[in-house]
1. Quick one: the Cα spread of the stretch 66-127 along its three principal axes, in angstroms, biggest first?
2. Membrane-span-like helices in the chain: DSSP H runs reaching 15 Å or more (Cα, own axis), mean Kyte hydropathy at least -1.0?
3. What's the FRET efficiency of Glu133 with Glu157 using the Cβ-Cβ distance as r and R₀ = 41 Å, to the nearest 0.05?
4. Helix-only estimate, please: 222 nm mean residue ellipticity of the chain, summing -39500 (n - 2.57) across DSSP H runs of length 4 or more and dividing by its residues, to the nearest 500.
5. Kindly flag which residue pairs out of Lys126/Lys154; Lys6/Lys154; Lys6/Lys45; Lys22/Lys126; Lys67/Lys159 have an alpha-carbon separation exceeding 30 Å in this structure.
6. For the stretch 71-106, state which trypsin sites (Lys or Arg not before Pro) are in a DSSP loop and have at most 16 other beta carbons lying within 10 Å of their beta carbon.
7. Running Debye on the stretch 121-160 with equal point scatterers at the Cα sites and no solvent, what base-10 log of I(q)/I(0) appears at q = 0.17, 0.24 Å⁻¹?
8. If you average 1/r over all unlike Cα pairs in the chain and invert the result, what Kirkwood radius do you get in angstrom?
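Read the figures in this text as sums done on the coordinates, not as results from a lab. Since we're looking at a predicted model, the values are computed, not measured. Because the Cβ atoms are built from the backbone with ideal geometry, glycine has one as well, and the counts that use them run over all protein chains shown.
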Amino acid sequence: MSTLYKQRDDLFFMKLALQEAKRAAEVDEVPIGAVIVKDDEIISKAYNLRETLQDATAHAELLAIRKACEVLGTWRLNGCSLYVTLEPCPMCAGAIILSRVDRVVFGAKDPKGGACGSIVNLPADKRFNHRPEVVEGVMADECGEILTKFFQAKRAEKKPASE
């Protein structure tokens, strides 16, 4: 597969992950979206539901991985690519490794919690028996902007109204 073809696919699927992130924002969740693809077919989509479910593990990536496992009838997601709008955290990076996702494509870096290069780089750790390819920065500006706007609005809600 040519690099140009892959880049076009990455943009297409990241746009879908961004749509999932927008759905999260609509229900007052941190706007992070994820899409899992196998053989150019969407296997699963998800967005953050931590607040809605009051579940610390309800990250977009984990929800998408669970759905993909159900759809494919296996915990091994070989041949799959995961597109996510924010760099995965350690928990999600661990799930990506353990589920054998072949490729992770993310948008914005997470300097406070990222485990695919920002703080640590779990997928590149040679001690693990599976190391997915990681592509960073796909639509990074758009992915970062939705998060920035969300948190700006949250901070504005907390400010006392001036008299």
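1. That gives 35, 27, 16 Å along the principal axes, largest extent first.
2. Numbers: long enough: 3-26 (34 Å, -0.58); 60-72 (18 Å, 0.97); 140-158 (27 Å, -0.68).
Both cut-offs are met by 3-26, 60-72, 140-158.
3. With R0 = 41 Å, the Cβ-Cβ based efficiency is 0.55.
4. Values: 5 runs with 69 residues, N = 163.
The per-residue figure over the chain is -13500 deg cm²/dmol.
5. From Lys126/Lys154; Lys6/Lys154; Lys6/Lys45; Lys22/Lys126; Lys67/Lys159, over 30 Å: Lys126/Lys154; Lys6/Lys154; Lys22/Lys126; Lys67/Lys159.
6. Of the trypsin sites (Lys or Arg not before Pro), the ones in loops of the stretch 71-106 whose Cβ has at most 16 other Cβ atoms within 10 Å are Arg76, Arg100.
7. -0.65, -0.78
8. On the way: mean 1/r = 0.0629 Å⁻¹.
Evaluated over the chain, this radius sits at 15.9 Å.
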